[in-house]
Amino acid sequence: MYKVLILSYYFPPMGLSGVQRTAKFVKYMHKFNWQPTVITTGKTAYFAHDLALLKEVEAAGVEIIRTEAFDINSVLGNKYGTVTMPQEFIRKLMSNISKAIFIPDNKFSWAKKAYEIAREKLKNEHFDILYVTIPPFSPFTYAAKLKKEFDIPLFVDYRDLWFGNHFAFYPTPYHKYKHKKLEYAALKASTKVIVNNRKKKEMLITTYKFLTFDDINIIPHGYDQDDFDKEMALPKDPTKMKITHSGLFYETITPEYMLKAFKKLTVERPDIASNIKLEFIGHLRKENKKLITELGLNQYIIDLGYMEHPDVIKRLKSTDVLWLMIGESKNADTISPGKLYEYFGSRKPILGSVIEGAAKTSLSEYGASYITKPYDIDEIKNALIKINADYKAGQLPVPKEEFVVKHDREFLTEQLVKSFQFYLRLV
């Protein structure tokens with residue numbers, strides 16, 4: 001078999017969407033004659049853990065090497081395991097302080113340890129490809145060193161942008177300069193760049209003129225059909241239409257405008273509001289719960305908290321409509337959240353309150369979408385009225401199957417390993 005060495009800070013048993021792309025890639029690599037070895041974190045505090053995802057990658061025979069490096073998450077949480085997510089203003093403040101102190105990020109200690117482990121593996125064992133997934137960005141700089149030392153092809157997977165990231169914070173011109181310089185050097189050393197949408201590709205080519213169209217492959221986020229085949233939908237109340245959101249709220253991604261639109265619906269069309277339940281899967285922060293109470297919406301809300309991935313799939317299969325929001329921020333048009341593509345796998349109608357950009361384009365191509373601007377309360381309210389009417393009439397839209405199947409994780413993994421093999425044939 002071919003062998004790939006992977007540097008991935010976010011990996012099961014960590015939960016949340018950041019781990020799934022890499023976890024699902026390694027799950028299916030063996031089907032295409034590739035054996036992955038993953039270097040990742042040891043025990044560390046984090047906002048969510050998912051043992052089901054861990055069992056999945058272990059069952060696939062993935063070799064996992066865990067570091068015991070210093071990790072700031074565990075220091076701040078003062079323990080290992082799952083820690084409570086703070087209020088958003090505290091989280092953002094701590095994040096900005098960290099970004100002011102650490103360049104490129106506070107995962108440098110882990111990245112150095114991962115580099116040392118990878119270096120020993122490469123000395124003693126043959127690997128065909130070195131693969132790093134970002135963020136965090138620290139391991140990319142160390143992967144570039146490994147590429148130069150061992151002359152091994154380096155593939156970097158951008159889940160999010162580095163320089164110009166939509167949530168980047170550069171407190172001084174030096175921070176901005178240093179980030180760009182580090183990324184420039186790492187990209188110069190890279191063999192191939194992988195991104196998850198065209199907007200990211202365009203942004204990288206515009207920022208770094210040495211990159212060509214052929215240097216960057218697009219492999220979108222996806223869903224695992226195996227998950228949807230294994231999990232059964234849950235019984236639901238036939239008298240209520242359920243609208244579900246799965247995932248976190250942070251930065252400019254907020255339930256505020258949806259909740260205010262729904263409040264307006266309860267006033268103007270209580271007959272419609274009384275037939276709807278809003279379901280939240282994931283961490284609904286204290287400030288979000290406070291807003292729900294202030295708006296008098298508790299009777300309409302189902303707060304399920306964080307759930308392991310198989311239970312999330314059951315809920316996605318059991319709902320009537322899915323909802324997501326992407327607000328305004330710098331380069332937010334490059335955002336295509338992983339949960340959107342898992343929504344596609346459910347084949348359910350989607351209400352997308354999003355800005356112009358990659359996510360809106362995908363929603364339009366999906367073909368079963370109601371799209372509104374993210375902050376337009378009246379437009380969201382009117383979309384809820386339209387959705388309710390279609391639901392009552394049995395006319396909720398159906399997605400385009402040819403679009404959906406292009407995002408199956410197994411198919412996407414095949415595209416990834418084909419890019420590995422195409423390069424190896426060239427050399």
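Of the trypsin sites (Lys or Arg not before Pro) found in the range 313-372, those that fall in a DSSP loop while having at most 15 other beta-carbon atoms within 10 Å are 330.
Rounded to the nearest 10 degrees, the inclination of helix 173-189 to the longest alpha-carbon principal axis of the chain is 60 degrees.
Can you give the % of DSSP beta bridges in the range 225-405 that are antiparallel, to the nearest 5? Please list the in-between numbers first.
Working: 1 of 22 bridges.
Given both bridge residues lie in the range 225-405, the antiparallel proportion sits at roughly 5 percent.
So what is the 222 nm mean residue ellipticity for the chain from helices alone, if each DSSP H run of at least 4 adds -39500 (n - 2.57) and you divide by all residues, rounding to the nearest 500 deg cm²/dmol?
-14000 deg cm²/dmol
The alpha-carbon of residue 236 sits under 16 angstrom from the alpha-carbons of these aspartates and glutamates, leaving out residues fewer than 8 places away in its chain: 279, 303, 311, 320. Distance between the 7 Å Cα→Cβ label points at residue 269 and residue 347: 2.8 nm. Within the straight-line cut-off of under 14 Å between alpha carbons, the aspartates and glutamates reachable from residue 107 are 68, 71, sequence neighbours fewer than 8 places apart in one chain being disregarded. Against the chain, whose longest principal axis is taken from its Cα atoms, helix 88-101 shows a tilt of about 20°. Cβ-Cβ distance of residue 70 and residue 329, R₀ of 35 Å, FRET efficiency by 1/(1 + (r/R0)^6): the value works out to about 0.70.
What trypsin sites (Lys or Arg not before Pro) does the range 31-65 have in DSSP loop regions with at most 16 other beta carbons within 10 Å? The partial results should precede the final answer.
Details: sites: 31, 43, 55; in loops: 43.
For trypsin sites (Lys or Arg not before Pro) across the range 31-65 that sit outside H, G, I, E and B with at most 16 neighbouring Cβ atoms in 10 Å, the list reads 43.
To the nearest ten degrees, helix 198-207 and the longest principal axis of the Cα atoms of the chain are 50 degrees apart. Listed by chain and number, the lysines placed with their C-alpha closer than 22 angstrom to that of residue 290 are 92, 242, 260, 263, 264, 277, 381; residues fewer than eight positions away on the same chain are left out. Annotation for the range 116-193: GluC sites (Glu not before Pro) lying in DSSP loop with at most 14 further Cβ atoms inside 10 Å of their Cβ are 125.
Could you list log10 I(q)/I(0) for the chain at q = 0.08, 0.10 Å⁻¹, which the Debye formula gives when each Cα is one point scatterer? Ignoring solvent entirely, the Cα scatterers give -0.45, -0.70. Once C-alpha pairs closer than 8 Å and six or more residues apart are averaged by separation and normalised to the residue number of the range 225-405, the relative contact order reads 24 percent.
For the range 225-405, what percent of Cα pairs sit more than 25 Å apart? Walk me through the intermediate numbers first.
Values: 4662 of 16290 pairs.
It works out to 29 percent of all Cα pairs.
Could you state, as a whole-number percent, how many of the C-alpha pairs of the range 213-252 are farther apart than 15 Å? Write down the numbers at each step before the final one.
Details: 576 of 780 pairs.
It works out to 74 percent of all Cα pairs.
Given that compact globular proteins tend to follow 2.2 N^0.38 Å, what is the ratio of the alpha-carbon Rg of the range 252-316 to that value? Show your work: numbers first, answer last.
Values: Rg = 12.6 Å, N = 65, 2.2 N^0.38 = 10.7 Å.
That works out to 1.18 for the range 252-316.
The alpha carbon centroids of the range 1-62 and the range 100-129 are separated by 16 Å.
The numbers here are math on the coordinates, done by the rules we state, and not lab data. These numbers come from a predicted model, not from an experiment. Every residue, glycine as well, gets a Cβ built from its backbone with ideal geometry; the counts of neighbours run over all protein chains shown.
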